[in-house]
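Single-structure report; data block below.
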Amino acid sequence: MVLQIMKDNGVVQWKKTEVNVDDHVFVPQFPPHLTSYDEYVEEYVSDMHLRKLSPSRPLWEFHFLNYKTTNGEAIMIVNVHHMLGDGASLVALARACSTRPSHNPTLSQTLISSTSHHTELPAQVHKIRSLDTTWFGFDGIYRLWNLVFTVVLVMWYTLLDLITTFSRFKWVEDSRFPIRGHPGVEMLPKVIASNNFKLQDIREIKNRVGGTVNDVVMGVVFYGFRLYCQMDLPDPKQTENLKVTAIALINTRSRHGTKNEGEMPKSKTRTPQGNSFGFLHLKVPMKKLENPLEYVQRAKHMSDKKKMSLAAFVIAKLISYITRFKGPEGTAKAMYNTLANTTLSVTNVNGPTEKSSLIGYKVKRSFFSVSGIPQ
């Protein structure tokens, strides 16, 4: 195991260290003989958001809550510092440790492959590469025009996204209203809330608008967020005048990583473990739309533009340069400012293709949460 230390010249590096497992494993004790421990678990998880991992030892913890709740017979909480890896990396590592409860239990889990968030290059860029090289006659003129038009669109949308991102580092921010985070909000308790949607319903909406599952989910988020604001701000005009932005975190690893996630920890693979992500800003529609389906259509229209942008890859490279020249503190400051100037963050993580188990116990469901961000 490794530990982060700072050398005399101020450079931060990793150093191998001995691990005392007892310092990283916690088994809390709650009052016995209760029918449900949901409230105790929620309070325990909320308190965890307030505690920082000690820099004097490796930045990970395991918490085992052996009490029955509505989510399962017991709960395992893994508390990991973002410095060790992003969501895609850590979930892939967890899936590599899990097994299939049926068929061949020795086989590790595989993840759902999706081109929507494992971003090689946008589809329009692949379209440029695949254009026929015959440039003679009417077909050649059409191909040349199509190539030029596509390149211009990619450059234009990339430039717009980069301008938006750089302005969010310091100068531009969302409207101030009760739902938006304020300085110090990262130190307040948090509660993990969840909701379930039928995949068949999502597919039906997806087919109706000609979009993707992500488009439907984003449309639901937009619509739900507007209803939430409408409850908090009774004046409709006040709600419609709000400037609200969501930051979408995007895994910039090659999509090949979804086929062999267990290989991530190996340094020579194309999908290394650690942090490899970019982000884009999404404008949340706050005007009242008569048909809720219009929010999904807005999300699809926005998504189509973002898919033609290379900004996420440029930002990912920029983050790596900031880390190299200014250290983790510089990257943390830039990300903090970006998150502080927006209202909410959205992301998703690929799940397993079938039921899984961990050290012999069936995994019913998984939840993910990020602490220490100003939202």
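Quick notes on this structure:
- Ranked by the mean number of other Cβ atoms within 10 Å of their residues, highest first, the peptides 147-154, 16-23, 304-311 come out as 304-311, 147-154, 16-23.
- Using a simple spin-label model with pseudo-atoms 7 Å out from Cα toward Cβ, Tyr321 and Ile163 lie 2.0 nm apart.
- Of the trypsin sites (Lys or Arg not before Pro) found in the range 167-254, the ones in coil according to DSSP and having at most 15 other Cβ atoms within 10 Å of their Cβ are Lys170, Arg176, Lys198, Lys243.
- Compared with the direct C-alpha span, the chain from Asn20 to Lys305 gains 97.6 nm at full extension, assuming 0.36 nm per residue.
- The base-10 log of I(q)/I(0) for the range 163-247, evaluated at q = 0.13, 0.21, 0.22, 0.23 Å⁻¹, reads -0.64, -1.16, -1.17, -1.18 [Debye formula, identical scatterers on Cα atoms, solvent excluded].
- Close amide H pairs (under 5 Å, H built 1.01 Å from N) link Met308 with no residue at least 5 positions away or on another chain.
Only the coordinates and a few stated rules stand behind these numbers; no lab work does. Quantities reported herein were computed from a predicted structural model and do not represent experimental measurements. Counting neighbours? That spans all protein chains shown, and the Cβs are built from the backbone with ideal geometry, glycine included.
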